[in-house]
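The structure appears right after this line, and notes come after that.
The values are calculated or read from the model by the stated rules, or taken from the named source; none is laboratory data. Please read these numbers as outputs of a predicted model, since none were measured by experiment. Don't worry about glycine lacking a Cβ; one is built from the backbone with ideal geometry, like all the others, and counts go over all protein chains shown. The accessibility values were calculated without ligands, DNA or RNA, using every heavy atom of the protein model including side chains. Shrake-Rupley method; radii C 1.70, N 1.55, O 1.52, S 1.80 Å.
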Amino acid sequence: MAHETAETLRNLIRNRVRGHKFITVSNREPYMHVWREGSLGWIRPASGLVVALDPVMRSSRGLWVAHGGGGSADVAASDERGFVDVPPDEPSYRLKRVWLTEEQEENYYYGFANSGLWPLCHVAYRTPVFREEHWRAYQEVNEKFAESIAEEIGNEHAFVFIQDYHFALLPRMLRQRCPHAVIAHFWHIPWPNPEVFRICPWKQDILRGMLGNDILGFHIRYYGDNFIATVDRELETRIDREQAAIIYRRHMTKIRAFPISIDFESVAKQAASAATDERIACLRKRYNLGEDMIVGVGADRIDYTKGLPERIEAVNRFLERYPEYCGRFVFFQAGVPSRTHVDEYRRLNEEVDECVRRVNQKYATASWRPIIFVREHLPLSELLAWYRIARFAIVSSLHDGMNLVAKEFVAARVDHDGVLLLSRFTGAARQFRSDAVLINPYAADAVAEAIHRGITMEPEEVRRRMTRMREQVRENNVYKWAADIIRKLSKVV
Ligand code: F6P
């Protein structure tokens, strides 16, 4: 298919959903309203899902249903049914907030979703926690969302686009309530092999729930194949391998790969702006980064799947092997606190602090330290400035469905410079396999060598690789991701 511009794809999305209700469902809300010194403000949460879907929703002008209450002013900003127009500064679609009790949030979100399914699907060597009370809340919350969405659809035709592992049961619940809805579900995290999945006590309920979808999407084919193999092992179904489809109780679910992405043009435009140039100058001054300082960058939620201690250890090994870079090299890491109600995440925060302290103590001089760690949700404008300052970025996830930081780094490099060190265990590695420097984050010495390779790579080669990666993201942007899913959905009607 010839290259379609972002504008063409946006029009396609608008046209395909016209005449239908278009509803997106996710746990995370795209905007959180907050009180700031008595007045109403808002923030965008740190979420790849939000980064990807917000531009799509702006184009489709649909309804986004999400768990409300993340922001201190969410209730005040919404009407009595939970509705509010967003984006707050440029309203173009509606958000319906679903309110959960504290107990529901604790058990469904922190519990089953993030202490059970998250480690189960990521296989990052954290034992999944499966508790009855978590599972009950997960069922309850899925029901609650099904009710809330069904209220909006009634008996009409609608496209419902469900996001992620928080809602494995929702597709079947919705199908029972809304017979005219066409349902797609995108699973934003990996799907493990049947051996791993079989330890989940409610595995069959989860699979049955997901087989309520018309389309079930994963980032890469490998996860879809794992899903089919899991169903084959756990349920009586008919599997059409040629079509990658599963027929269960006379309903067909098609399993497809849709690699998620970002709004390339908008990121590139912002990265090239005068405001970003100013930011760069400010950051260089604030952190004393002369033009000849070699800067590396990382930006992640503080999550054990992201391989942060492993990354810091690799920086340590790099300086051990190449001490001549002491004083000439700085690694900047932004870490966004995430899910800190879960013990595992609290422990990780302490571990990361300890790793940074140890490495800085080992090498620091009176005027220099090798690692700058900022535990903060930096605005995109500041991240883009860091991406442009950096000679290289490290994405060292132990396992990651896709990883959009890798794509943002590439889109931000409007100068076609910069090297991407990318974990082999990310979905993104499939798309950048020949142009990123692929790393195994578990092998610290090899990552240290990859850092060295990145900073000594011939400028010509750096440029060639970055140009190809930029082409890849420009073409396979988030509108293509959404348009491909919507094209498939409209074939079901
Ligand atoms: O990777 C899965 C995912 O849901 C992303 O889509 C999102 O960026 C991230 O997890 C954020 O998680 P949470 O909403 O729990 O902060």
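A few notes on this one:
- Conditions (1) touching a strand residue (DSSP E or B) at 6+ places or on another chain (Cβ under 7 Å); (2) away from the ligand (no atom under 15 Å from the Cβ); (3) assigned to a loop (DSSP other than H, G, I, E, B); (4) under 25 Å from E151 (Cβ atoms): number failed by G19: (1)
- Test: residue in region 102-110 that is open to solvent by less than 30 Å² (accessible area, probe 1.4 Å), at pLDDT 95 or above, within 16 Å of the ligand (Cβ to nearest atom) and charged (D, E, K, R): no
- Test result for S381, in a loop (DSSP other than H, G, I, E, B) and of a type outside the set (K, R): no
- Filtering region 432-467 to residues that are part of a helix (DSSP H, G or I) and open to solvent by less than 20 Å² (accessible area, probe 1.4 Å) leaves A444, V447, A448, A450, I451, G454, I455, V462, M466.
- Matching entry among D89, D164 (being within 15 Å of the ligand (Cβ to nearest atom), within 30 Å of E7 (Cβ to Cβ) and not hydrophobic (A, V, I, L, M, F, W, C)): D164
- Filtering I247, I312, I302 for residues that are over 20 Å from the mean Cα position of the chain (by Cα), aliphatic (A, V, I, L, M) and buried (at least 17 other Cβ atoms within 10 Å of the Cβ) leaves a single hit, I312.
- Which listed residue is touching a residue at least 40 places away in the same chain (Cβ under 8 Å) and either surrounded by fewer than 20 Cβ atoms within 10 Å (Cβ to Cβ) or part of a helix (DSSP H, G or I) (or both), from V196, V182: V196
- Filter result (open to solvent by 20 Å² or more (accessible area, probe 1.4 Å), within 14 Å of the ligand (Cβ to nearest atom) and modelled with pLDDT of 85 or more) within region 22-66: R28, M32, I43, R44
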